[in-house]
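J.: Pasting in a structure now, in structure tokens, and then I'll have a few things to ask.
The values are calculated or read from the model by the stated rules, or taken from the named source; none is laboratory data. Here the structure is a predicted model, which is why all the values come from computation and not from measurement. Methodologically, a virtual Cβ is constructed for each residue, glycine included, from the backbone with ideal geometry; neighbour enumeration extends over all protein chains shown.
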Amino acid sequence: MQLWEKHEDERRLRCLLCPHSCLITPGGSGVCGVRVNRNGEVSLSTYGIISGYGLDPIEKKPLYHFFPGTSILSVGSYGCNLKCDFCQNYHISQSAVPDHSRKLAPQELVRQALAAGGNTGLAFTYNEPVIWFEYVTDCARLASAAGLRNVMVTNGYINREPLAELIMVIDAFNIDLKAFSNDFYRSYTGATLQPVLDAIKMVASSGRHLEITTLILPGLNDSAEEMRRESQWIAENAGRGVPLHLSRYFPMHKRNDPPTPVETILKLKEVAEESLDFVYTGNMPGRDAGSDTLCPFCRATVVRRSGYAVTMTGLTDGGRCSRCNVEIMKWM
Ligand code: SF4
């Protein structure tokens, strides 16, 4: 799929991958810093360039309803198409590619994924995988053919056509919904809200697995009213069974605000639970109760989580509540 077109001035090229629609001059790059105008086309300068990879618990993505308790080979690169003031991975998302960076061909990555015992598949994560599009799709196709699953942890800031191609090869998405306010997106991320909502709707309607994460920042997106609107929108447009992770913010990158109070996260969880069946708290060490899965019908605890340790306390092999037989998870 060609992800660019010529501008009418015949010099600049328009990137069609994400809603920024960057017009890139010869030798230059777009907002993400990694898609470049070279030799008369837009190409990916970080193809195969790895910032880090390793076997992670799938709960760390976070994905709680997709092969719970397994591990997944997680891989990332450099760069991002958003510029969040509070980025928790800014050292790779907002930095240039270092000279010593390593390269990994898709065949080699998949070979390592197959060799890793108990591995569910590949997770594209750490920096923003949307901008790594060609490498992600090449690896994911190979991984699927080898019987592995593919996961993407993304900001969801992508155009419809490339997202449709990703949906063909990615089995599970965790999409960041950073706030439920366009003002927030404009002020703190350099992007806009609507394309992210469109991506969530598209993934939800595709039948691929979807979970959503919102990082709660004190004073910026932590009102009960905003969380009520966000969770109602998710229920109406993606389904009340879509898991929502409310993650606690710690000072990072350009922001020095104190960490989000634990009480705020707990209060917002209650608000979101008015509309959604599965709302989890994250980034709260020592407070594991908020990460357990409860049956939405009989309220039995069906999965207990302590850190990244997972115990199925009331879930059948088919992902149903063992007390009342309600379906909790499709992917086991
Ligand atoms: S992917 Fe990069 S170059 Fe393309 S439109 Fe988005 S920010 Fe611009």
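J.: Take the residues in the stretch 32-61 that are crowded, with 21+ Cβ neighbours inside 10 Å and of a type outside the set (A, V, I, L, M, F, W, C); name whichever of them is farthest from the chain's Cα centre (by Cα).
T.: Checked the stretch 32-61; the qualifying residue farthest from the chain's Cα centre (by Cα) is N37.
J.: Next question, about the same structure. Please tell me if L268 is among the aliphatic types (A, V, I, L, M), crowded, with 22+ Cβ neighbours inside 10 Å, in contact with an Asp or Glu (Cβ under 8 Å, 6 or more places away or on another chain) and under 18 Å from Y157 (Cβ atoms).
T.: no
J.: Quick check: anything in the stretch 76-85 under 30 Å from D183 (Cα atoms), under 14 Å from the mean Cα position of the chain (by Cα) and among the hydrophobic types (A, V, I, L, M, F, W, C)?
T.: yes
J.: Given the residues S74, S29, which is the only one that is surrounded by 18 or more Cβ atoms within 10 Å (Cβ to Cβ) and either of a type in the set (A, V, I, L, M) or within 11 Å of the ligand (Cβ to nearest atom) (or both)?
T.: Checking each option against the conditions leaves just S29.
J.: For the stretch 2-26, enumerate the residues that are within 6 Å of the ligand (Cβ to nearest atom) and surrounded by fewer than 18 Cβ atoms within 10 Å (Cβ to Cβ).
T.: Listed by number, the list holds a single entry, S21.
J.: Residues in the stretch 99-111: is at least one of a type in the set (D, E) and more than 16 Å from the ligand (Cβ to nearest atom)?
T.: yes
J.: Taking the stretch 32-44 only, how many residues are more than 8 Å from the ligand (Cβ to nearest atom) and either within 19 Å of L82 (Cβ to Cβ) or in contact with a His (Cβ under 6 Å, 6 or more places away or on another chain) (or both)?
T.: Counting residues in the stretch 32-44 that are more than 8 Å from the ligand (Cβ to nearest atom) and either within 19 Å of L82 (Cβ to Cβ) or in contact with a His (Cβ under 6 Å, 6 or more places away or on another chain) (or both) gives 2.
Conditions tested, residue by residue: (1) closer than 27 Å to V151 by Cα; (2) surrounded by fewer than 14 Cβ atoms within 10 Å (Cβ to Cβ); (3) small (G, A, S); (4) modelled with pLDDT of 95 or more.
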position: T213; (1), (2), (3), (4): yes, no, no, yes
position: A235; (1), (2), (3), (4): yes, no, yes, yes
position: H245; (1), (2), (3), (4): yes, no, no, yes
position: G307; (1), (2), (3), (4): yes, yes, yes, no
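J.: Hey, another quick one. Within the stretch 136-188, count every residue that is under 17 Å from the mean Cα position of the chain (by Cα) and touching a residue at least 12 places away in the same chain (Cβ under 8 Å).
T.: Here the count works out to 33.
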